[in-house]
Structures are given as C-alpha cells and as structure tokens.
Amino acid sequence: MTRMSSPATAPYLSFKLERWHRRSIYATGIVLLLSGAAWLLLHYFLRPMSAFGEGVNPLEPWAMKLHGAAAMATLFLVGSLLHLHVRRALRAGRNTLTGWAMIATLSMLTLTGYGLYYVAGESDRAVWSLLHWSVGFVVAVLFVVHVLVGRRSVSN
C-alpha cells in the first residue's frame, strides 16, 4: 500500500467496513443503548415496593451485566476501527468533525464507566451516573449522524 500524499486522492479510498464488522458494531451499539436504557427505567421508575420500602428490581442486575458485556465487546470493536477506518479517514480528511466527536464521547463513556465501577463512592455515584448515561444517549445520536455524514460524503 502506498502512502497518500494529499487529500485529492481521498475519494479512491474505501472507508466502508466489511459486513460482519459493521453488523457487529451496530449490534453491540444497540445492545448497549437498550441495556443502558433498561437499567435506567428499572433503577428509577420500576422499583418494586415491599414492606421495607423500595427494593431493587430483579432485572436491574441483569441489565447491568448485559451492558457491561456489550461495553467490553464495544471496546474491542472500537479498537479494531483504529487501524484502517480511523487512520484512513484522518489521512484523507473525511468526516473528521463527527469522527473526532465520536472518539471524544466514546473516551468519555469509557472513563465514566470505569469511574462508576472503580472510583465512584455512594456520595458521588449519582454524578458519575448522570454523566455516563447522558453522554451515552449523545453518542447514540452522534453515531447515527457520523454514519449519515459519511455515507453522504461517499455519494457526492
């Protein structure tokens, strides 16, 4: 493979992922979004009442376990994008605004997820959680925008 010297040759580079790769990213993203949203609903709105007050919904730990497993798969898949997809896009100067925004928000999600698991105490857990799930919803929308902008730039 020859090294590109200018963005003028960028349209000849393919940024399209292989079908298995693209579908894996979409599937894990959907599982992350749905399991995170399920946890939010279970934790804040569907808490069972007992004689001792509010309890933990029995599905809440399962939503969190599924979310954690999908997060690990996502970390692997994001890492797999760095070599060709991200590197080629940066070199060609294509879709960089939403690409850098994706990298920043995914980094923030990784840090806040780590913080929730290893750093947050009971006194600051709510802040870590709010940061994590709000950035999570932002990255879901941003991902769709990133894909649409990327597809539009290919069709032009």
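The values are calculated or read from the model by the stated rules, or taken from the named source; none is laboratory data. Keep in mind it's a predicted model, so treat the numbers as computed, not measured. No Cβ is skipped: glycine too gets one built from the backbone with ideal geometry, and neighbour counts run over all protein chains shown. When the accessible area is computed, the model is the full protein with side chains, heavy atoms only, and any ligands, DNA or RNA have been set aside. Shrake-Rupley method; radii C 1.70, N 1.55, O 1.52, S 1.80 Å.
Rg and Dmax of the chain, Cα atoms, in Å?
Computed over the Cα atoms of the chain, radius of gyration and Dmax are 19.0, 71 Å.
With a Förster radius of 22 Å, plug the Cβ-Cβ distance of Tyr117 and Ser50 into 1/(1 + (r/R0)^6) and report the FRET value to the nearest 0.05.
Taking R0 as 22 Å, the efficiency between Tyr117 and Ser50 is 0.20.
About the Cα centre, and with charges only on the beta carbon of Lys, Arg (+1) and Asp, Glu (-1), how big is the dipole of the chain? Nearest 20 debye, please.
1020
How much accessible area does His67 have with a 1.4 Å probe, in Å² rounded to the nearest 10?
Answer for His67: close to 40 Å² accessible.
How do Leu32, Leu148 stack up against each other in accessible area, from largest to smallest, with a 1.4 angstrom probe?
So, going from the largest accessible area down, we get Leu148, Leu32.
Relative contact order for the chain: what is it in percent, counting Cα pairs under 8 Å that are at least 6 residues apart?
26
Report, to the nearest whole %, how much of the accessible area of region 5-156 belongs to carbon and sulfur atoms, 1.4 Å probe, protein only.
72
Could you put Glu54, Glu60, Glu122 in order of accessible surface area, largest first, with the 1.4 Å probe and the full protein assembly present? Numbers along the way, then the final one.
Values: Glu54 125, Glu60 20, Glu122 160 Å².
Greatest to least solvent exposure: Glu122, Glu54, Glu60.
Given the options Pro61, Thr112, Leu75, identify the residue whose Cα lies farthest towards the positive end of the charge dipole of region 38-131 (+1 on Cβ of Lys, Arg; -1 on Cβ of Asp, Glu).
The listed residue farthest towards the positive side: Leu75.
In 10 Å bins starting at zero, report the fraction of Cα pairs in region 93-144 per bin as a rounded %.
Calculated over all Cα pairs of region 93-144, the distribution is 26, 45, 21, 7, 1 percent.
Would you mind working out the accessible area per residue for the chain, using a 1.4 Å probe, and quoting it in Å²?
69
Give the separation of the Cα centroids, region 22-88 to region 116-156, in Å.
12
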